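Asks: This is the structure I want to talk about, given as structure tokens.
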Amino acid sequence: MLIAARGLFATFRPGDWLLAGAGLALVGGLWLRQADSLEGRVVVRVDGQVVETAGLRLNRVIEVAGPLGPSRIEIQAGRVRVVADPSPRQLCVRQGWIPPGGAAVCLPNRISVENAAAGYDTLNY
Amino acid sequence: MTPSTIELTASAEDRRIAGLAAAAIGLTLAEAAIPLPIPGVKPGLANIVTLLVLYRYGWRSAAWVAGLRIIAGALVLGQFLTPAFVLSLTGGMMSLAILAVAMHLPRRLFGPVGLSLLAAFAHIGTQLWIVDAWLLPGVSILGLLPLFLGAAWLTGLVNGLAAAHLLGKPSRTESV
């Protein structure tokens, strides 16, 4: 086994090692960058600062405190909406379920909820 | 009416290219039967043949074999002139272009594995670019990059090793 492996890698020349290493570094770098991206998650911001991120798969209620008071955000069956908010016009609550790729903004409570899930199905292509 | 005689004479090179292209088409068909979880990721085994031909018979023959394989393979699989065919064609053309340059790199430093890796990255890079510009405009394909480039790295490496292994053996086609 070891001898077979050595025979295999004997065909590597210095430039090959270089290219393989560079390729691996590129892929690894992209992967790491990807790992901390917010794609596919629910992102809650207060004053533009991310205070909470959550996956869509787990049903839960998130309470976030804005300048006017607490807002309640509900994740239910893969969807997300703002249930309650102290803002006077209730625009973000009445918006209902937030579509993938969409966002609800609660003003003047300075809270935004973004559904950062991809809004398309690549498999259909 | 005089009977017209059109005679097509196939040279030895024509026969060789046809035979090698047939081998490449066979590999394309065989790998189409392999179930793969993600659309767009496949091993690209026919590129082993392209690399072999490049080393044994030069770039012109390699381009013929790859071109015939892409068109005939698409015809057999029912993909001719579909987006999949366009991706296969553009990826193949860019790989050949890169190989045309890379084959002049010093042989002492760069072997089949390096060339295979370069071709694989050229192939997937072009395809993702076409997807971004034409098939999924306005959608960020950045999220797909690690997956597809990782697959290209692995298949490029494995195909290059396979080609290097085969190049180490005496050629059978030369005795035919």
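Here is a yes/no grid of residues against (1) on the phi > 0 side of the Ramachandran plot; (2) within 14 Å of chain B (Cβ to nearest Cβ); (3) touching a helix residue (DSSP H, G or I) at 6+ places or on another chain (Cβ under 6 Å):
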| position | (1), (2), (3) |
| --- | --- |
| A:Gly23 | no, yes, yes |
| A:Ala35 | no, yes, no |
| A:Glu52 | no, no, no |
| A:Ala65 | no, no, no |
| A:Leu68 | no, no, no |
| A:Ile73 | no, no, no |
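Here is a yes/no grid of residues against (1) modelled with pLDDT of 90 or more; (2) in a loop (DSSP other than H, G, I, E, B); (3) buried (at least 16 other Cβ atoms within 10 Å of the Cβ):
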residue: B:Thr2; (1), (2), (3): no, yes, no
residue: B:Ala18; (1), (2), (3): yes, no, no
residue: B:Ala23; (1), (2), (3): yes, no, yes
residue: B:Leu27; (1), (2), (3): yes, no, yes
residue: B:Leu36; (1), (2), (3): no, yes, no
residue: B:Gly40; (1), (2), (3): no, yes, yes
residue: B:Asn47; (1), (2), (3): yes, no, yes
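Asks: Same structure again: Taking the residues in the range A:1-17 that are assigned to a helix (DSSP H, G or I) and either in contact with a Pro (Cβ under 9 Å, 6 or more places away or on another chain) or surrounded by 14 or more Cβ atoms within 10 Å (Cβ to Cβ) (or both) as candidates, determine which candidate is modelled with the lowest pLDDT.
Replies: A:Leu8
Asks: Next question. Let me confirm something: among A:Gly48, A:Gly40, which residue is on the phi > 0 side of the Ramachandran plot and either surrounded by 13 or more Cβ atoms within 10 Å (Cβ to Cβ) or of a type in the set (S, T, N, Q) (or both)?
Replies: On inspection, the qualifying residue turns out to be A:Gly40.
Asks: Report the residue count in the range A:93-125 for those that are modelled with pLDDT of 90 or more, surrounded by 13 or more Cβ atoms within 10 Å (Cβ to Cβ) and in a helix (DSSP H, G or I).
Replies: The qualifying residues number 1.
Asks: Condition first: in a helix (DSSP H, G or I), of a type in the set (Phe, Trp, Tyr), within 8 Å of chain A (Cβ to nearest Cβ) and in contact with a helix residue (DSSP H, G or I) (Cβ under 8 Å, 6 or more places away or on another chain). Can you find one or more residues in the range B:142-165 that meet it?
Replies: There is at least one residue in the range B:142-165 that is in a helix (DSSP H, G or I), of a type in the set (Phe, Trp, Tyr), within 8 Å of chain A (Cβ to nearest Cβ) and in contact with a helix residue (DSSP H, G or I) (Cβ under 8 Å, 6 or more places away or on another chain).
Asks: Sticking with this structure for a sec: Got at least one residue in the range A:60-76 being closer than 29 Å to B:Leu147 by Cα and surrounded by fewer than 13 Cβ atoms within 10 Å (Cβ to Cβ)?
Replies: Among the residues of the range A:60-76, not one is closer than 29 Å to B:Leu147 by Cα and surrounded by fewer than 13 Cβ atoms within 10 Å (Cβ to Cβ), which makes the answer no.
Asks: Return the total of residues in the range A:40-93 being in contact (Cβ under 8 Å) with a residue 40 or more places away in the chain and under 16 Å from A:Asn115 (Cβ atoms).
Replies: Number of matching residues: 10.
Asks: For the subset of the range B:4-16 comprising residues that are of a type outside the set (Lys, Arg) and not in a loop (DSSP other than H, G, I, E, B), which member is farthest from the chain's Cα centre (by Cα)?
Replies: Of everything passing the filter in the range B:4-16, B:Ala12 is farthest from the chain's Cα centre (by Cα).
Asks: Please specify each residue of the range A:87-104 satisfying the condition of being in contact with a Cys (Cβ under 6 Å, 6 or more places away or on another chain) and closer than 12 Å to A:Val43 by Cα.
Replies: A:Ala104
Asks: Can you tell me which residue among B:Ala102, B:Ala151, B:Ala163, B:Ala97 is closer than 20 Å to B:Gly58 by Cβ, in contact (Cβ under 8 Å) with a residue 24 or more places away in the chain and surrounded by 19 or more Cβ atoms within 10 Å (Cβ to Cβ)?
Replies: After ruling out the rest, the residue left standing is B:Ala163.
The values are calculated or read from the model by the stated rules, or taken from the named source; none is laboratory data. From a predicted model like this one, the values you see are computed outputs, not experimental measurements. Using ideal geometry, Cβ is built from the backbone for each residue, glycine included, and neighbour counts are taken over all protein chains shown.
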